[in-house]
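The values are calculated or read from the model by the stated rules, or taken from the named source; none is laboratory data. Computed from a prediction, not measured in an experiment: that's the story for all the values here. Here the Cβ positions follow ideal geometry from the backbone for every residue, glycine too, while neighbour counts run over all protein chains shown.
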Amino acid sequence: MNKNQSIWFKQPAASWNEALPIGNGRLGGMIFGGVDKERIQLNEDTVWYGGPRDRNNPDALKHLPEIRRLLFEGKLKEAHRLTELALSATPNSQRHYLTAGDLILKMDHRGKGKAEHYTRALDVASALVTVSYTWGGYRYKREMLASYPDHVIAIRLETDHPQGLSFYARWERVSGKFMDEAAKKGSDTIVLRNSCYGSDGEDYVMMLQAVADGGTVSTVGEHVVVEGAGAVTLLLTAATKFRYSDPEAECEAVLRRAAAKSYEDIRAAHIADYRSLYDRVALQLADAKEAAERSTPERLEAVGRGEEDQGLVALYFQFGRYLLIASSRPGSLPANLQGIWNDSMSPPWDSKYTININTQMNYWPAETCGLPECHEPLFELIERMREPGRHTASVMYGCRGFVAHHNTDIWADTAPQDIYLPATYWPMGAAWLCLHLWEHYRFTLDDAFLRKAYDTMKEAALFFLDFLIEDGSGRLVTSPSVSPENCYVLPNGESGTICFGPTMDSQILRELFTACLEAGQRLDADAAFREQLSQARSKLPETAIGKHGQIQEWLEDYEEKEPGHRHISHLFGLHPGTSISPAQTPELAAAARVTLERRLANGGGHTGWSRAWIINFWARLLDGEEAYRHVKELLRKSTLPNLFDNHPPFQIDGNFGGTAGIAEMLLQSHLDAIHLLPALPKAWTRGEVRGLRARGGFEVDIAWEDGMLLRAVVKASHSGVCRLRVNVEVRVQDAEGKDAAVQRDGADLTLTVRAGDVIYIARKA
Ligand code: FUC
């Protein structure tokens, strides 16, 4: 076991939060590693409850003018009442994600004894989980993987016991409830058949086949039984009617193909596939403690006591990349609130897609950390949201374009979610998501991608050309909306949520309109539309500074009901947006600092994702000390024993936001330059990162020493201008070792590059 790259335990998992996750985008498993009884809690990304519906409130449009009038007149109670009645969806909730069930293995170790030398480890460098122990002096080993190329979870069991392996396997799903049919199939396979979308008959099937070396395999009742085998491979797959008209036939075909291969071949293909993504980025921090003796929860506890463990920080960073590869691959659904891992029939917030921060955060590391393919499932979901979003736009608001509120689900539902005033009536979900299309383009400069994506971005922007209204002083504002998910207090003590023109909305729209303008220009398309967009953009309210010196959260400088609120929506412009920065808008950046300090002084950052966002904010404020302090707080206060993020309960966004934040401390490229080591904390005296991506199609390696840049390598995939920001004197050379023609302007170096160029940067002695 490579302990520096592993999350490992000295015991089986006592709870789900100690189990180890595997996944191939579609199939997920949480491995408990019990000695006598192994439990693998399973998921398939499309196993959700219920089918698609039209939930748009038919009375929305007729009451919209009245809601807007009440808001402008400051009649909050009436506005809230009418919004709740007329804008809430019917019914008010979208669909929810389900556990697929469990695989249970009952082991027979032949005689009395107990397990010794037990370890259970997830190696994030090869995406393998291993459980090993000895029993009566004999070695037992289970290795588990979720293969993307072979569409299976494969479990390999081995022993050197002369009588071999004996065990039986069956399905479970919440103590046998929620299982329509658990049965044997032939002499070596068991199957679970269920309905989930509410149609007649089963629409979801899970299948397991045992392939043994020696011994016997048989099926009894709902069990597959193995006796005295030298080694066994269990192959597991699942399918639903979301993708296949005949899920059972699909499972059979997948297992037939996999069973024709040896375990070694499945394993080798899996590792090669996984490493083709994972190996693109490496991170080493100087003070990486030798992790040999301490298990992961022991390391976490030590960090909780105040010990420094930079190796754990690097592992946490890579674990985020592991999780994205495991829960979001081309062809899968995007990572939901729990990635793909959920053991419940009614999970927190339905384990769906909350798109007022959480789903977006899941994808923050995708581009910077070299996993652009893993971003694709999100793009596909955005595409699927267009049709329902068009319908919602016209039925609820009488607008063109497409719109989504603060959640979506497997069916790409765009109608409002819940009846919860601080969140439900926010019409910005699609607009924000579309910025992910633009970001993908900024990183890859893939023109073919942009041609398709532009249409989608444009349709999201079009909605707002119709939806925005004048606020009485010439500004264009959203109405109704909310600043997710905070409440304001009026001078008379009345508190409210629904409002017009919250800061976040204008910041998102400025970003979206600008993206559409630049994309349109690049594609030489839609001059007239661009003119309209540019007009509208000039009328959006500017981000303002309020009476505390903070970024104002609403159009009026209201007091916040919860000054320590977990959402910090009005700093969208700082991160992930670009309109607030120390370099270009120093006053706003100073106000953003005040906002963060106020949130934190009032108990902010108490959920994992909120803490992760705070890391990114401080990194963008170029404050490495604060950013690192919150990385440590994330580990101390919001991380479970298996390194899953703890909202609480488990929610995966904090893992992804944490990984993105660490990358953001080392490299930024959202403004006009590639900034090397923008927020390096003092404690990271030495280190090296390889393979981070910068906008403009660049790949960047950086090494530092004494808290300063030592050398960097920048690879250009496109011809153009490369502008670098470095805070030390450097020498810049090309691949032949010749000094490159560089224009210097303070900390900025500008040079012209051709596709394929490699630039070497070294600190001057
Ligand atoms: C938003 C957040 C909650 C939680 C939920 C899934 O509503 O305010 O903290 O993350 O999404």
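Residues checked against (1) of a type in the set (S, T, Y); (2) closer than 24 Å to N362 by Cα; (3) surrounded by 15 or more Cβ atoms within 10 Å (Cβ to Cβ):
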{"position": "Y274", "(1), (2), (3)": "yes, yes, yes"}
{"position": "L277", "(1), (2), (3)": "no, yes, yes"}
{"position": "E301", "(1), (2), (3)": "no, no, no"}
{"position": "E307", "(1), (2), (3)": "no, no, no"}
{"position": "P330", "(1), (2), (3)": "no, yes, no"}
{"position": "P334", "(1), (2), (3)": "no, yes, yes"}
Checklist entry - Across segment 36-78, what is the number of residues that are under 18 Å from F467 (Cα atoms) and of a type in the set (A, V, I, L, M, F, W, C)? => result 7
Item to check | Residue check, S569 more than 16 Å from the ligand (Cβ to nearest atom), under 28 Å from the mean Cα position of the chain (by Cα), in the same structural domain as E470 (by TED's automatic domain parsing) and among the polar types (S, T, N, Q) | outcome: no
Next on the checklist: For segment 745-759, check the following and say yes or no: at least one residue is at pLDDT below 95 and more than 36 Å from the chain's Cα centre (by Cα).
Outcome noted: yes
Checklist entry - Which members of segment 563-592 meet the condition of being of a type in the set (D, E, K, R), under 24 Å from W432 (Cα atoms) and surrounded by fewer than 20 Cβ atoms within 10 Å (Cβ to Cβ)? => result none
Checklist entry - If you scan segment 349-363, which residues turn out to be in a helix (DSSP H, G or I) and either on the phi > 0 side of the Ramachandran plot or near the ligand (Cβ under 9 Å from one of its atoms) (or both)? => result W349, D350, S351, N358
Item to check | Among residues of segment 647-706, those that are within 26 Å of E307 (Cβ to Cβ) and among the charged types (D, E, K, R), counted | outcome: 6
Checklist outcome for this item: Out of (1) without any contact (Cβ under 8 Å) to a residue 24 or more places away in the chain; (2) more than 30 Å from S394 (Cα to Cα); (3) not polar (S, T, N, Q), the one E66 does not meet is (2)
Next on the checklist: If a residue must be away from the ligand (no atom under 16 Å from the Cβ), modelled with pLDDT of 95 or more and either assigned to a loop (DSSP other than H, G, I, E, B) or under 19 Å from D418 (Cβ atoms) (or both), how many such residues does segment 475-496 contain?
Outcome noted: 4
Item to check | Matching residues in segment 632-680 - criterion: being surrounded by 24 or more Cβ atoms within 10 Å (Cβ to Cβ), hydrophobic (A, V, I, L, M, F, W, C) and closer than 30 Å to W349 by Cβ | outcome: L634, L643, F644, F650, I652, F656, A660, I662, A663, M665
Checklist entry - Counting residues that are within 18 Å of L671 (Cβ to Cβ) and touching a residue at least 40 places away in the same chain (Cβ under 8 Å), which strands (runs of 3 or more DSSP E) fully inside segment 723-765 reach at least 1? => result 748-753
Next on the checklist: Going through A86, A100, A14 one at a time, which residue ends up being surrounded by fewer than 19 Cβ atoms within 10 Å (Cβ to Cβ), among the small types (G, A, S) and under 27 Å from the mean Cα position of the chain (by Cα)?
Outcome noted: A14
Next on the checklist: I want to confirm something. Restricting to segment 532-562 and keeping residues that are in contact (Cβ under 8 Å) with a residue 24 or more places away in the chain and assigned to a helix (DSSP H, G or I), which single residue is surrounded by the fewest Cβ atoms within 10 Å (Cβ to Cβ)?
Outcome noted: Q532
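So that you can scan it fast, the table gives a plain yes or no per residue for (1) in contact with a helix residue (DSSP H, G or I) (Cβ under 7 Å, 6 or more places away or on another chain); (2) acidic (D, E); (3) under 18 Å from M361 (Cα atoms); (4) in the same structural domain as K352 (by TED's automatic domain parsing):
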| position | (1), (2), (3), (4) |
| --- | --- |
| G389 | yes, no, no, yes |
| G401 | yes, no, no, yes |
| H405 | yes, no, yes, yes |
| Y420 | no, no, no, yes |
| T424 | no, no, no, yes |
| A430 | yes, no, yes, yes |
| L433 | yes, no, yes, yes |
| H440 | yes, no, yes, yes |
| L445 | no, no, no, yes |
Checklist entry - Which condition number does Q284 fail, the rest of (1) surrounded by 15 or more Cβ atoms within 10 Å (Cβ to Cβ); (2) free of Cβ contacts under 8 Å to residues at least 24 places away in the same chain; (3) outside any helix (DSSP H, G or I) being met? => result (2)
Checklist entry - Within the set of pairs 6 or more residues apart or between chains, which connect a residue that is more than 14 Å from T359 (Cα to Cα) inside segment 320-348 to a residue that is in a loop (DSSP other than H, G, I, E, B) and modelled with pLDDT under 95 with Cβ atoms less than 9 Å apart? => result D343/V174; S344/V174; M345/V174; M345/K177; M345/F178
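So that you can scan it fast, the table gives a plain yes or no per residue for (1) of a type in the set (K, R); (2) in contact with a Lys or Arg (Cβ under 8 Å, 6 or more places away or on another chain); (3) within 16 Å of the ligand (Cβ to nearest atom):
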| position | (1), (2), (3) |
| --- | --- |
| A302 | no, yes, no |
| G306 | no, no, no |
| L312 | no, yes, no |
| Y316 | no, no, no |
| F319 | no, no, no |
| L323 | no, no, no |
| R329 | yes, yes, no |
| N336 | no, yes, yes |
| W341 | no, no, yes |
Checklist outcome for this item: Within segment 698-715, residues closer than 16 Å to V281 by Cβ and in contact (Cβ under 8 Å) with a residue 40 or more places away in the chain come out as E699, A712, V713, V714, K715
Checklist entry - Could you list, in sequence order, the residues of segment 414-432 that are over 18 Å from Q507 (Cβ atoms), touching a strand residue (DSSP E or B) at 6+ places or on another chain (Cβ under 8 Å) and away from the ligand (no atom under 14 Å from the Cβ)? => result T414
Checklist entry - Mind checking whether some residue in segment 512-530 is of a type in the set (S, T, Y) and surrounded by 23 or more Cβ atoms within 10 Å (Cβ to Cβ)? => result no
Checklist outcome for this item: For segment 653-669, pairs from a residue that is under 15 Å from G691 (Cβ atoms) to a residue that is basic (K, R) and assigned to a helix (DSSP H, G or I), with Cβ under 9 Å and 6 or more apart or across chains, are T659/R321; S669/R442
Checklist outcome for this item: Per the list (1) crowded, with 24+ Cβ neighbours inside 10 Å; (2) away from the ligand (no atom under 15 Å from the Cβ); (3) in a loop (DSSP other than H, G, I, E, B), residue check on C374 breaks on (3)
Item to check | segment 432-446 residues that are in contact (Cβ under 8 Å) with a residue 24 or more places away in the chain, paired with ones that are among the small types (G, A, S) and in a helix (DSSP H, G or I) (beta carbon under 7 Å, 6 or more apart) | outcome: C434/A460; L435/A515; L437/A453; W438/A515; W438/A519; Y441/A453
Item to check | Test result for R193, farther than 21 Å from F32 by Cα, part of a loop (DSSP other than H, G, I, E, B) and either of a type in the set (D, E, K, R) or assigned by TED's automatic domain parsing to the domain that holds K37 (or both) | outcome: no
Item to check | Residue selected from segment 497-533 under the condition closer than 18 Å to L435 by Cβ and among the hydroxyl-bearing types (S, T, Y), by the criterion nearest to the ligand (Cβ to nearest atom) | outcome: T503
